[in-house]
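Step one of this worksheet: look at the structure below.
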Amino acid sequence: MVSANLKTIGLIAGNRQFPFLFARAARDQGYKIVAAAIVGDTSPLLFFSVDKLQYFKVGELKRLFEYFRGESVTEVIMAGQVNQDNLFNPAVKLDQEFQALSDALRDRKADTIFTAVADRLKEEGMTLLDSTFLLKKYLAPRGTLTKRAPSLIELQDIEFGLTIAKLMGGIDIGQTVVVKEKAIVAIEAMEGTDNAITRGGVIAREGAVVVKTSKPKQDNRFDVPVIGPKTIQTMAQAKAACLAIEAGKTLIIDREKTISLANKAGICIVAA
């Protein structure tokens, strides 16, 4: 039985482990968690980490608002990605609410869409919060996080990659670039970080440096840079050598396992 005195927070949960990380932290700090799960994206195991969970199809914005209002939700966070293939999937049907929002967009970049959703939530009396507000201890600390430090060549690629990643983030293309010997071998677009790493590994063959940064005008209400064990596993398969992230701005899912996997694979992780 959930105490009536608990503060309620709405969780729009996407895929991977970010929703679980947030749910654990929120419960530890005394929140009641009302989760909206996305069909095809959100793990059904999230049910055991929240107080209430209901599934929604992509495009069911009106039902989402009604669900949160019915649970007296006034604060909401987004955690986890939603498969952006849905953007061009003819099977995805937008309700009248979402269709009106979509028709008013100036473009279909991720930031544009999520900002519009945040604005509609506000109109419905709900505030979209910084998704890291309970997770500060999971942000990457500054320094070399693995046993192996980067080589001089890798440091040069990191410096080069950081510049490119910030430029790409500034126009909302993606957060990740893959570099080898100051050549850009892959830039993340809609396919996501793991696919960009895989694509870059095919071209670089081995020894690539992966750089993932926040955007220059990062909106921490959505699209926060996240790495975890899956990132390292993908890098190992692509024979990538080094991962550079931003200290204090990148969430690390299961830090101990992430660093352990990197050490075993000989991959260095640097938070600059």
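The values are calculated or read from the model by the stated rules, or taken from the named source; none is laboratory data. All of these numbers come straight from a predicted model, not from anything done at the bench. Backbone-built Cβ (ideal geometry, glycine too); neighbour counts: all protein chains shown. Just the protein is used for accessible areas: all its heavy atoms, side chains included, with ligands, DNA and RNA removed. Shrake-Rupley method; radii C 1.70, N 1.55, O 1.52, S 1.80 Å.
For segment 1-117, the fraction of 1.4 Å probe accessible surface lying on carbon and sulfur atoms is 52 percent.
Here the chain is treated with +1 on each Lys and Arg Cβ and -1 on each Asp and Glu Cβ, and its dipole about the Cα centre works out to around 720 debye. If the segment from I153 to K136 were pulled out straight at 0.36 nm per residue, it would be longer than the present Cα-Cα gap by 2.9 nm. For the chain, the share of DSSP beta bridges that are antiparallel, to the nearest 5, is 30%. The dipole here belongs to segment 111-268: it is taken about the Cα centre, uses +1 on the Cβ of Lys and Arg and -1 on the Cβ of Asp and Glu, and is about 580 debye. Take the Cβ atoms of I171 and A104, set R0 to 25 Å, and the FRET efficiency comes out at 0.75.
Taking the longest Cα principal axis of the chain as reference, the axis of helix 18-28 is set at about 60 degrees.
Does segment 1-140 come out rounded, prolate or oblate by the C-alpha gyration tensor, with a ≥ b ≥ c the root eigenvalues, rounded set by a/c under 1.5 and, if not, prolate when a/b is larger than b/c and oblate if not? Because a/c hits 1.5 or more and a/b exceeds b/c, segment 1-140 counts as prolate. Our Cα-only numbers for the chain put the radius of gyration and Dmax at 19.1, 58 Å. In a DSSP loop and with at most 14 other Cβ atoms within 10 Å, the trypsin sites (Lys or Arg not before Pro) in segment 138-226 are R142, K147, K182, R205, K217. Classify segment 139-260: rounded, prolate or oblate, from the alpha-carbon gyration tensor (a ≥ b ≥ c, eigenvalue square roots; a/c under 1.5 rounded; otherwise prolate if a/b is larger than b/c)? Judged from the Cα gyration tensor, segment 139-260 comes out rounded (a/c under 1.5). Think of a 1.4 Å ball rolled over the protein heavy atoms: segment 123-199 then has 51 Å² of accessible area per residue. Under 20 Å from the 7 Å Cα→Cβ point of D28, by amide nitrogen: which residues of segment 63-99? Answer for this model: 77-80. The calculated FRET efficiency for the pair Y55 and M190, based on their C-beta separation and a Förster distance of 22 Å, comes to about 0.40. If you sort the three axes of the alpha carbon gyration tensor as a ≥ b ≥ c, you get a/c of 1.5 or more for segment 102-142 and a/b no higher than b/c, which makes it oblate.
Listed cross-link partners K122/K166; K166/K264; K7/K264 are compared with a 32 Å cut-off, the Cα-Cα value being larger for K7/K264. Residues whose amide H comes within less than 5 Å of that of T127, counting only those at least five positions distant or on another chain, are E75, V76 (H built at 1.01 Å from N in the peptide plane). Straight-line cross-link partners of K109 among the aspartates and glutamates, defined as a Cα under 17 Å from its Cα and at least 8 positions apart when in the same chain: D85, D119, D172, E188, E191, D219, D223.
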